[in-house]
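Throughout, read-outs are computed from the coordinates displayed, never taken from laboratory work. These numbers were taken from a predicted model, which means no experiment stands behind them. Don't worry about glycine lacking a Cβ; one is built from the backbone with ideal geometry, like all the others, and counts go over all protein chains shown.
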Amino acid sequence: MAEATRLQTLYDAIEELPEGVTGELINGQLHTQPRPTGSHALASSNLGIDIGSRYSRGRGGPGGWWIIDEPEVHFVRNEEILVPDLAGWRRERMPQLPEDQRFEVVPDWVCEILSPATASKDREIKLPIYAHYGVGYAWLIDPEAGSLEAYHWADGSWNIIASYRDDDAVDASPFPEAGFQVADLWR
């Protein structure tokens, strides 16, 4: 009973965070971070436009996905909560969006925009959790390095399926018709 109370208290702490602060519950600990920098926000927004237009809205692409900015993903309700910069769900797996902020269906794809403050947490803490709960694809974007790395979880590890820089055209799974160049994310 004490553990359930502690976890509810941690979730209450997330709900009580001030405007502009994002909270996550990772391995039973509360992690907070401020809103992203301009270059981080621009990369995330532009990726959401490029992927969302083709895959969420079906404009120039196949549609059939939900692409969501900073969803509160509850791998375990109110207990294991991560907030990727973007996440995507195939609509056949999640036909409806949740009524509240809790996304309890495991995403098919996540994307983290790396920054000096978050890169090690994104790579060393969050990627293993995404794998543990069955996220199939992860993209890591580094605006400072001008790069995008695409990974697929298979055979017990994250396998890099593509690495892009600058003016490379992105065509990595699960979005082979992405149709943008990496540098478009921060132009």
Looking at region 146-156 only, could you name the residues that are outside any strand (DSSP E or B) and either crowded, with 17+ Cβ neighbours inside 10 Å or without any contact (Cβ under 8 Å) to a residue 24 or more places away in the chain (or both)? 155, 156
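So that you can scan it fast, the table gives a plain yes or no per residue for (1) surrounded by 13 or more Cβ atoms within 10 Å (Cβ to Cβ); (2) aromatic (Phe, Trp, Tyr); (3) closer than 25 Å to residue 169 by Cα; (4) within 15 Å of the chain's Cα centre (by Cα):
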position: 51; (1), (2), (3), (4): yes, no, yes, yes
position: 55; (1), (2), (3), (4): yes, yes, yes, no
position: 83; (1), (2), (3), (4): yes, no, no, yes
position: 100; (1), (2), (3), (4): no, no, no, no
position: 105; (1), (2), (3), (4): yes, no, no, yes
position: 109; (1), (2), (3), (4): yes, yes, yes, yes
position: 131; (1), (2), (3), (4): yes, no, no, yes
position: 140; (1), (2), (3), (4): yes, no, yes, yes
position: 144; (1), (2), (3), (4): no, no, yes, no
What residue, among those in region 53-96 that are assigned to a loop (DSSP other than H, G, I, E, B) and in contact with a helix residue (DSSP H, G or I) (Cβ under 6 Å, 6 or more places away or on another chain), is nearest to residue 118 (Cα to Cα)? 85
Any chance you could count how many residues in region 19-41 are loosely packed, with under 14 Cβ neighbours inside 10 Å and either more than 17 Å from the chain's Cα centre (by Cα) or basic (Lys, Arg) (or both)? 7
Exception for residue 128 within (1) free of Cβ contacts under 8 Å to residues at least 12 places away in the same chain; (2) of a type outside the set (Phe, Trp, Tyr); (3) over 19 Å from residue 114 (Cα atoms) falls at (3)
I need the full set of residues from region 157-171 which are free of Cβ contacts under 8 Å to residues at least 24 places away in the same chain and aromatic (Phe, Trp, Tyr), in order please. 164
Quick check: is even one residue across region 174-185 farther than 23 Å from residue 120 by Cβ and part of a strand (DSSP E or B)? yes
For residue 12, indicate whether it is of a type in the set (Asp, Glu) and either surrounded by 14 or more Cβ atoms within 10 Å (Cβ to Cβ) or in a strand (DSSP E or B) (or both). no
